[in-house]
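Please read the structure below before turning to the comments.
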Amino acid sequence: MQSICVEDAVAQIPAGATIAIGGFLAVGTPERLVDELVRQGKSHLTIIANDTARPGTGIGKLITARLVDRVIVSHIGLNPETQQQMMAGTLAVELVPQGTLAERIRAGGYGLGGVLTPTGVGTRVEEGKQRLEVNGRVYLLEVALQADFALIQAFAADYLGNLTYVLTARNFNPLIAMAAKTVIACAKHIVPTGLISPDHVVTPAPIVDYLVTNP
């Protein structure tokens, strides 16, 4: 793990990258990294996340800045700008049931090709997907999701890069950390090694490539 300033961390992300971003309506979203993506004008991004938050908040800032070409999310209902760009044809939106989205990301992190789920069978969700019957029940094959970069927010990190989270701010962060080639983490608190109990480590240091220094 390498400590890095936020400017240098984001400078590594090229235009057109696929980025997984933690958060649930921006709770648990690394706002400093999102702000720096906007400042550096990283464009043509594909975003994997639970949602696009709201205008001016979290991933919503990327939407407002029109830096995103495609999102893979569970809903966009609270961001009218996402809806407007989708209807205008300037933003591709893939809506995935929330549990299915989590499992597709988990599969990507665990090296699996995908997951079988009954969710969506007999609906528009199954269009273009493979159907499989197992023990008399029909499932859809949902392929795994992986990203070039994962941007995650932790409550605390130690000097080695071990991460811990608090309550619902944990959400998708540990999952996406497993499913990306490069993991960039922010933490509210950076503490000496040993202050985070091994039992409280959720994302272990070997998974984290870069830890953004606090101002």
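Points to keep in mind about this one:
- Filter pass, Ala17 being farther than 26 Å from Leu140 by Cβ, under 17 Å from the mean Cα position of the chain (by Cα) and touching a residue at least 40 places away in the same chain (Cβ under 8 Å): yes
- Filter result (of a type in the set (A, V, I, L, M), closer than 22 Å to Ala180 by Cα and more than 17 Å from the chain's Cα centre (by Cα)) within region 93-132: Leu112, Val115, Leu116
- Among the residues of region 26-63, the one identified as surrounded by fewer than 20 Cβ atoms within 10 Å (Cβ to Cβ), under 14 Å from the mean Cα position of the chain (by Cα) and either assigned to a loop (DSSP other than H, G, I, E, B) or among the polar types (S, T, N, Q) (or both) is Thr46.
- Once region 78-90 is narrowed to residues that are outside any helix (DSSP H, G or I) and in contact (Cβ under 8 Å) with a residue 12 or more places away in the chain, the residue that is farthest from Phe24 (Cα to Cα) is Thr90.
- Near pairs, Cβ below 6 angstrom, 6+ apart or cross-chain, from region 170-199 (assigned to a loop (DSSP other than H, G, I, E, B)) to any residue that is aliphatic (A, V, I, L, M) and buried (at least 19 other Cβ atoms within 10 Å of the Cβ): Ala179/Ile105
- Taking region 107-140 as the range and being modelled with pLDDT of 95 or more, part of a helix (DSSP H, G or I) and more than 30 Å from Thr64 (Cβ to Cβ) as the test, only Ala107 passes.
- Considering region 141-171, the residues that are touching a helix residue (DSSP H, G or I) at 6+ places or on another chain (Cβ under 9 Å) and either at pLDDT below 95 or more than 20 Å from Tyr210 (Cβ to Cβ) (or both) include one that is surrounded by the most Cβ atoms within 10 Å (Cβ to Cβ), namely Leu145.
- Applying a threshold of 6 Å to beta carbon distances and a minimum spacing of six or more residues, or different chains, the list of pairs starting in region 120-132 at a residue that is without any contact (Cβ under 8 Å) to a residue 40 or more places away in the chain and ending at one that is in a loop (DSSP other than H, G, I, E, B) and surrounded by 12 or more Cβ atoms within 10 Å (Cβ to Cβ) reads Glu126/Gly120.
- Any hit, region 115-128, residues being surrounded by fewer than 15 Cβ atoms within 10 Å (Cβ to Cβ), out of contact with any helix residue (DSSP H, G or I) (no Cβ under 8 Å at 6 or more places or on another chain) and of a type in the set (Ser, Thr, Tyr): yes
The values are calculated or read from the model by the stated rules, or taken from the named source; none is laboratory data. Here the structure is a predicted model, which is why all the values come from computation and not from measurement. Neighbour counts run over all protein chains shown; Cβ positions are idealised from the backbone, glycine included.
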